[in-house]
Amino acid sequence: MCAQLINFEIKGDDRGSLIALEKKHNIPFEIKRVYYLFDTKTGIRRGFHAHHALQQIAICVHGSCEFLMDDGYEVEIIKLDNNHTGLMLPPYVWHEMFNFSPDCVLMVLANDFYDESDYIRSYQDFISMVNKNKGNGNYA
Ligand code: TYD
């Protein structure tokens, strides 16, 4: 796996900086939901799930944090420490977030509404699904 990062253009002028996130222009899906994590306590690790269908992009708009990304084949650690880089979180990638700086604001764009039934919260179930579908690219 090679985690996909998107570099957002900063529209800066002498007043300051601005980044626009727009479907088709720099976000490859329709944004139906935005949520953000902040005030994350020191040492907390969260996430611990994959999704069946949801597509997401995580942007650390302030501070920094790290992602563990695991597609069942490889594990990658990605540090997000700027407000102009988005990390794609595709379906069937187990992810965990950790090392949140105290000032971290982690914003996530999603292509669908919150739906608990889209979550895979057991790592064993996730690995079983990946193994079952090795080779054919289909997930049940
Ligand atoms: P949770 O899935 O535990 O967060 P994480 O995966 O980042 O560790 O979500 C925390 C709570 O927030 C849980 O009660 C579900 C709720 N929630 C929503 O209501 N809407 C959302 O869009 C999200 C992401 C979570």
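The values are calculated or read from the model by the stated rules, or taken from the named source; none is laboratory data. No experiment lies behind these values; they were computed from the predicted model shown. Here Cβ is always computed from backbone atoms with ideal geometry, including for glycine, and neighbour counts include all displayed protein chains. Quick note on the areas: whole protein, heavy atoms, side chains included, nothing else; ligands and nucleic acids left out. Shrake-Rupley method; radii C 1.70, N 1.55, O 1.52, S 1.80 Å.
Which percent of the accessible heavy-atom area of the stretch 1-77 goes to carbon and sulfur, probe 1.4 angstrom?
Result for the stretch 1-77: 51 percent of the exposed heavy-atom area is carbon or sulfur.
Taking each residue as 0.36 nm, the span from F48 to V61 lengthens on full extension beyond its C-alpha to C-alpha distance by 2.5 nm. Listed by chain and number, the lysines whose alpha-carbon sits under 20 Å from that of K41, ignoring those within fewer than 8 places in the same chain, are K79.
Counting charges near I127 (Lys, Arg +1; Asp, Glu -1) among other residues having Cβ under 12 Å from its Cβ returns a value of -1. For the stretch 1-92, the relative contact order works out to 38 percent when only alpha carbon pairs closer than 8 Å and six or more residues apart are counted.
Between M88 and R15, the distance separating the two model label sites (each 7 Å from Cα on the Cα→Cβ line) works out to 3.4 nm. For the chain, the dipole from Cβ point charges (+1 on Lys and Arg, -1 on Asp and Glu) about the Cα centre works out to 140 debye, to the nearest 20. Length gained on full extension, E74 to N131: 19.2 nm, using 0.36 nm per residue less the C-alpha separation.
Compared with the dominant Cα axis of the chain, that is its longest principal axis, helix 123-132 is turned about 70°.
Using a 10 Å Cβ count of at most 14 others and DSSP loop calls, identify the longest part of the chain lacking such GluC sites (Glu not before Pro). Don't jump to the answer; show the numbers that get you there.
Working: sites that count: E9, E22, E30, E74.
The reported range is 75-140.
Placing pseudo-labels 7 Å out from each Cα toward the beta carbon at D115 and E22 gives an inter-label distance of 2.8 nm. Does anything in the stretch 77-107 have its amide N under 16 Å from the 7 Å Cα→Cβ label point of Y36, and if so which residues? Backbone N within reach: 81-87, 101-107.
Please give the calculated 222 nm ellipticity per residue for the chain, where each DSSP H segment of at least 4 residues contributes -39500 (n - 2.57) and the sum is spread over every residue; nearest 500 deg cm²/dmol? Can you show the working numbers first?
Working: 1 runs with 10 residues, N = 140.
For the chain, the value works out to -2000 deg cm²/dmol.
For the stretch 1-127, the solvent-accessible area works out to 57 Å² per residue, with a probe of 1.4 Å and every protein chain left in place.
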